[in-house]
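Data block below; observations after.
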Amino acid sequence: MVNKNVSIKSSKTKILLVQSSKVNAINPEASQPLGLMYLASALRKWANVAVNIIDLRVEDETLRERLERFRPDIVGISGFTQNAKIIQNSAETVRSFKNSTPVIIGGPHATAYWDDMLLDKNIDIIVRGEGEITILELVNALGSGSELTQIKGLALRKNSSAY
């Protein structure tokens, strides 16, 4: 079941998008987080939201520091399979910061392993596949309290089972 404490306020929603990978031997160079930039662009154009991106590969500020400074209503985390542990750690950091903040996971790893990802109690929602339209529908549904099960491209937890 999606965390029952998950909700967002009705004023301008603040969304933090997190690129969860690190620069290392597998990822020796940092590049622009294009997927998150596409999402941010769609959100800024079509929804009344403030969007902020943190790229954990290159920024000195920690996720916890950004959460404290920006105080997001929704957090979206993206990453590749080699960064699955960083994705989970990021979700845990968000949940420990504010339990009611919806934690949304997307990207290649979440798309391929959505059922395993939903076993993590710190993860509320998985966006599978391309997320530009799905994220808009999701943000609108969270803001209005609408049913999330009608949104295509989502994986959710219901009665402790992923669907």
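Assign one of three labels to segment 41-163, namely rounded, prolate or oblate, based on the Cα gyration tensor with a ≥ b ≥ c the square roots of its eigenvalues; rounded applies when a/c is under 1.5, prolate when it is not and a/b is larger than b/c, and oblate otherwise.
Rounded is the answer for segment 41-163, as its axis ratio a/c remains below 1.5.
What is the set of long-range amide H partners of Lys14 at a cut-off below 5 Å, with H atoms built 1.01 Å from backbone N?
Ala50, Asp73, Ile74
Do any GluC sites (Glu not before Pro) in segment 47-118 lie in a DSSP loop with no more than 14 other beta carbon atoms within 10 Å, and if so, which?
Loop-located and lightly packed - Glu59, Glu61.
From Cα pairs below 8 angstrom and at least 6 apart in sequence, can you work out the relative contact order of segment 35-114, rounded to a whole percent?
28
Rounded to whole Hz and in sequence order, give me ³J(HN,Hα) for segment 70-76 from the Karplus expression 6.51 cos²θ - 1.76 cosθ + 1.60, θ = phi - 60°, writing x for Gly and Pro.
Result, ordered by residue: 8, 6, x, 8, 9, 10, x Hz.
Please report the spacing between the Cα centers of segment 105-120 and segment 130-158 in Å, no decimals.
15
Any read-out appearing in this document is the output of simple, stated calculations on the displayed coordinates, not a laboratory observation. What you see is a predicted model, and the numbers here were worked out from it, not measured in a lab. Every residue, glycine as well, gets a Cβ built from its backbone with ideal geometry; the counts of neighbours run over all protein chains shown.
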